[in-house]
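Chemist: Have a look at this one.
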Amino acid sequence: MPDIEPSEDELDPSRGTIAIAHRTGKAALIRKWRELATERGLSLRQLVLEVAPGHPAFTGMPSAGAGEWTRYVTTRAVDGFNIVPHLLPSSVADIVDKLVPELQSRGVYRTEYRGSTLRDHLDLPPLAAPQGD
């Protein structure tokens, strides 16, 4: 671990991409990570792999993945998914050609867009017309 202390700006809870629950106490978290790296003799890369949050993996046939995704969507546990692109580009083709049709057949993935703008696609109301002076 670099022996460089973070600046006050870096410790500001409003900055960063770590989970909101961990945004306060960043200095303590950094100390904890340094201790872990020292105790286990971890390289910076190994430490990142050790402390990075895991992502659930959906593997197997498209129907099995679609079943899990459908369960998450229908129980309102999620409102979307992030695809971790570690196997791109082949995984994108599999998702588009195999998984998406399975999700569409189960009614949990749209088959067409509702309008012509991003606001329409996200079901957002139209913007109010600007008021003149």
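The values are calculated or read from the model by the stated rules, or taken from the named source; none is laboratory data. This one's a predicted model, so the numbers in the text were calculated from it and none came from an experiment. FYI the Cβ positions are ideal-geometry reconstructions off the backbone, even for glycines, and counts take in every protein chain you see. The area values use the complete protein model at the heavy-atom level, side chains included, leaving out ligands, DNA and RNA. Shrake-Rupley method; radii C 1.70, N 1.55, O 1.52, S 1.80 Å.
Chemist: Sticking with the crude label model, points 7 Å out along Cα→Cβ, report the distance from ARG110 to ALA57 in nm, one decimal please.
Modeler: 3.1 nm
Chemist: I want the local charge near GLU68. Using Cβ-Cβ distances under 13 Å, sum +1 for each Lys or Arg and -1 for each Asp or Glu among the other residues.
Modeler: That sum, taken over residues with Cβ under 13 Å, equals +1.
Chemist: Which value in nm describes the separation of the simple spin-label points at ILE4 and GLU68, placed 7 Å from the Cα toward the beta carbon?
Modeler: Label at ILE4, label at GLU68, 3.7 nm between them.
Chemist: At 0.36 nm per residue, minus the direct Cα-Cα distance, what do ARG40 and ARG76 gain on full extension? Give it in nm, one decimal, please.
Modeler: Separation in residues times 0.36 nm, less the Cα-Cα distance, equals 9.0 nm.
Chemist: In square angstrom, rounded to the nearest 10, how much accessible surface does VAL92 have for a 1.4 Å probe?
Modeler: Approximately 70 Å² of VAL92 is accessible to the 1.4 Å probe.
Chemist: Considering only protein heavy atoms, what per residue accessible area in square angstrom results for the stretch 37-133 with a 1.4 angstrom probe?
Modeler: Each residue of the stretch 37-133 exposes 83 Å² on average to a 1.4 Å probe.
Chemist: While we're looking at this one, here's another question. Hey, what did the stretch 42-133 get for relative contact order, percent, Cα under 8 Å, at least 6 apart?
Modeler: The value is 22 percent.
Chemist: DSSP loop GluC sites (Glu not before Pro) in the stretch 30-112 with at most 12 other Cβ atoms within 10 Å of their Cβ, which ones?
Modeler: Answer in residue order: GLU112.
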